[in-house]
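Taking it in order: structure first as structure tokens, then the write-up.
The numbers here are math on the coordinates, done by the rules we state, and not lab data. Since the structure is predicted, the reported quantities are computational estimates derived from the model, not experimental observations. Here the Cβ positions follow ideal geometry from the backbone for every residue, glycine too, while neighbour counts run over all protein chains shown.
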Amino acid sequence: MDVKVAEMAAETTYRELAHILNEWTAVSISHTTVGNIVKKVGKSQKEADAVSCPIVTLLQNSIKF
């Protein structure tokens, strides 16, 4: 469910998504929790990307923006 919440959060605000989930499902969730889910999914994706493509991670860490 976390990935789906993160995908939906890309299309609307965290507050609006929390409202939608509270209205349409039995899930009671706050906008803060939506934000925490997005952060958790993003961290997991970053870690998966680092494992699957270590050269990209190495390059990203060596370039200063």
(request) Evaluate the distance, in nm, between pseudo-label points positioned 7 Å from the Cα of GLU23 and of SER44 along their respective Cα→Cβ axes. (result) 2.7
(message) Just to check I understand the Karplus step: with θ = phi - 60° and J = 6.51 cos²θ - 1.76 cosθ + 1.60, what whole-Hz values come out for the stretch 37-53, glycine and proline as x?
(response) 5, 4, 4, 5, 5, x, 5, 4, 5, 4, 5, 5, 5, 5, 6, 7, 8
